Amino acid sequence: MKRPARPAQAPFTLLGGLSVDEFMTRHWQRRPLLVRQALPGVRPPVDAEGLMALAADDAVESRLVSAAGGRWRLDRGPFEREDLPSLGRKRWTLLVQGVDLHLDSAHELLSRFRFLPDARLDDLMISLASDQGGVGPHLDSYDVFLIQIQGRRRWRVAPPGRSGLIAGLPLKILADFQPEHDWLLEPGDMLYLPPGWGHDGVADGPCMTASVGFRAPSRLEFLREFLAQAADDPAGSDPRFGDAGRAPVRQAAAIPSDLHAHLRDWAQHWRPSSLAIDRFIGRFLSEPKASVWFDPGKPISLAAFGKRAATRGLRLDRRTRMLYRGSAVFINGEHVSPGRAARPWLRRLADERTLAPQALANALARDPELGALLHQWTNAGWVLLGETGTPRGASQA
Ligand code: SIN
Ligand code: CO
C-alpha cells in the first residue's frame, strides 16, 4: 500500500522559524542552532529558592561548581541551604539534574521536544549561577538544548576537534578552547548544541539556564547491561563444561586445551535469540533513572479503578517511561505483549501520555486485558487517575 505523503510541517517558533524537518536535516547531530526568542515569555519552572530546596534532597543529583580566586572546585550534593553561597558572591553555579522528575512545570518544558523520540530523552537540568558563574569550557557527549530562563548568559562555542583536557582539575575543562561563536542569550533564547561541540557559558549577572539533554547509549554501556542481564536470566540454558575421561597431567598449571577451546567456543558463538534481544532493548530504553522510586500508595480494586478511569481518564506519572515496538509494550523497564485489542490504547497512552475518559470507558468495557494492565500500573503508581492533576503518592527515594 502506498504510504500517504507526510503533511508539510509548519515552521516552529521553538526552532526559530525552521520546520522540524529542516531542523532535523540541517542541525540535529550536525551543527549548533541559536534561536532568539524560542520560548518568548518563558516562565521559570522553579525559582531560585525552589531549586536550592531540591538540591537539599538526597534523592536529587546536584553539583556546585565554583571558581573563586581562579581555582576550580566541584562539590556534590545534597546541599543544606546554608552550604550554598549567596547570589551576591561571584563565580558559582548550582546544577540540579532530573528536575523534570520532580516538578510538573519542568516536565511540561520537556514535552515541547517530543518531535524527538522519548527513547533518546535524558532529562531536564537546571542551573542557577551568580555573576560570572559557569562550569568552564567543556564538551558533552549528549545533544543539548540550552534554554535561557532568567537573566543573561554568554555562550562561546567551538567546533569539535580539540578535546584535550587540563590535567589535575576536579572538572573536565578543555585545554585548547578556540570558540568560533560568541552569543549573549536573553530570557527565552535557546541554543542547540550537538555532541562534541566545545562550549563555555558564563553568567552575565545572576541567571538560570535549563538544559534539555538527550542520551545516546554507547556500545559498551549497552552491552554491559545486556550481558549482565543475560547472565542472570534463570530461563536461559546453562550447560556446564565436563571432562570425563581426561588423562592425568604432568604440568598442573597449564590451562588444558579442551577447557580453553570450550570456553572460547562459548564466547565466540554465544547468540541470544532475537526475541531476547528485542525485549532487552525495550526494557533497557524504558528503564527509569536510578533515583526514581514509585510509591504505590493505597491499592484500589479493579471495579473502583474501572469506574474512576471511565469518568476521569488516565495519565502517565511524569517519571514513567513508556515505549513500544511491534506488538510489545515497555514500561519502566518491564515488558508486556498485549493482545490486539489493547495494543492501540497502550500505544496511544505512550504517545500522548493521557487517555480521555469517554474513549477509555468504551475500551475498558470491551477489553478486560486493557483494564487489568492499567489497573496494575495504577496500583504501582506508574499510571495516575485523572487526565491532569497532582500525582498521587509521587516521591523519590
Ligand atoms: C550550565 O547550565 O551552566 C551548564 C550546562 C552545560 O554546559 O552543559
Ligand atoms: Co555542557
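The values are calculated or read from the model by the stated rules, or taken from the named source; none is laboratory data. Source: prediction; values computed, not measured. Cβ coordinates were reconstructed from backbone atoms using ideal geometry, including for glycine residues, and neighbour counts include every protein chain displayed. Side chains are part of the model used for accessible areas, which takes the heavy atoms of the whole protein and leaves out ligands, DNA and RNA. Shrake-Rupley method; radii C 1.70, N 1.55, O 1.52, S 1.80 Å.
Residue ranking by accessible heavy-atom surface, 1.4 Å probe, largest first, among Val336, Val329 comes out as Val336, Val329. In the chain the Cα-Cα distances spread across 10 Å bins starting at 0 as 4, 18, 25, 23, 16, 9, 4, 1, 0 percent of all pairs.
Kindly sort Met52, Met24, Met125 by accessible area of their heavy atoms, largest first, with the probe set to 1.4 Å.
Largest to smallest exposure gives the sequence Met24, Met125, Met52.
With charges set only on the Cβ (+1 for Lys and Arg, -1 for Asp and Glu), what does the dipole of the chain come to about its Cα centre, in debye to the nearest 20?
About 920 debye.
Bridgeable aspartates and glutamates around Lys289 (alpha carbons under 15 Å apart, same-chain partners fewer than 8 residues away excluded): Asp58, Glu61, Asp100, Asp118, Asp122, Asp123, Glu221, Glu225, Asp317, Glu334.
Note on His262 and Gln29: with the Förster distance fixed at 35 Å, the Cβ-Cβ geometry gives a FRET efficiency of about 0.20. Only protein atoms count toward the accessible area here, which uses a 1.4 Å probe; on the stretch 182-251, the carbon and sulfur part of that area reaches 52 percent. Entry note, the stretch 302-385: relative contact order of 43 percent, from Cα contacts under 8 Å with a spacing of 6+ residues.
In this label model, Arg348 and Leu169 are separated by 5.3 nm, measuring between points 7 Å along each Cα→Cβ vector.
Accessible surface of Lys289, taken over heavy atoms with a 1.4 Å probe and every protein chain present, rounds to 70 Å². With contributions of -39500 (n - 2.57) from each DSSP H run of at least four residues, the per-residue ellipticity at 222 nm computed over the chain stands at -7500 deg cm²/dmol. Once the GluC sites (Glu not before Pro) in DSSP loops with at most 12 neighbouring Cβ atoms within 10 Å are cut out of the chain, the longest remaining piece is 181-397. Computed with a 1.4 Å probe over protein heavy atoms only, the accessible area of His262 comes to about 80 Å². His260 contributes about 90 Å² of solvent-accessible surface, heavy atoms of the protein only, 1.4 Å probe.
If you take all other residues with their beta carbon under 15 Å from the beta carbon of Phe226, and give Lys and Arg +1 and Asp and Glu -1, the sum is -1. For Ser274, Ser130, the ranking by accessible surface with the largest value first comes to Ser274, Ser130, using a 1.4 Å probe. Considering only Ser211, Leu285, Gln251, and ranking their Cα positions along the charge dipole of the chain that arises from unit charges at the beta-carbon of Lys, Arg, Asp and Glu, the one farthest toward the positive end is Leu285. Among Arg114, Arg224, Arg279, the largest mean-square fluctuation in a Gaussian network model of the chain, built with springs joining Cα atoms closer than 10 Å, belongs to Arg224. Among the trypsin sites (Lys or Arg not before Pro) found in the stretch 314-366, those both in a DSSP coil and sparsely packed, with 16 or fewer other Cβ atoms within 10 Å of their Cβ, are Arg340. Put a dot 7 Å past the Cα of Phe113, heading toward its Cβ, do the same for Ala59, and the two dots end up 2.3 nm apart. Could you calculate the FRET efficiency of Ala361 with Asp295 from 1/(1 + (r/R0)^6), where r is the beta carbon distance between them and R0 is 41 Å, rounded to 0.05? Here the calculated transfer efficiency is 0.90.
Solvent-accessible surface of the stretch 212-342, averaged per residue with a 1.4 angstrom probe and all protein chains in place: 68 square angstrom.
Using a Gaussian network model of the chain whose springs link C-alpha atoms within less than 10 Å, name the residue from Ala53, Ala304, Ala210 with the highest mean-square fluctuation. Sorting by GNM fluctuation, first place goes to Ala304. Annotation for Asp243 and Glu287: the two label points, set 7 Å from Cα along the Cα-Cβ direction, are 3.6 nm apart. All C-alpha to C-alpha distances of the stretch 9-214, sorted into 10 Å bins beginning at zero, yield P(r) values of 9, 36, 39, 15, 2, 0 percent in whole numbers.
Among Leu94, Leu33, Leu223, the largest mean-square fluctuation in a Gaussian network model of the chain (Cα springs under 10 Å) belongs to Leu223.
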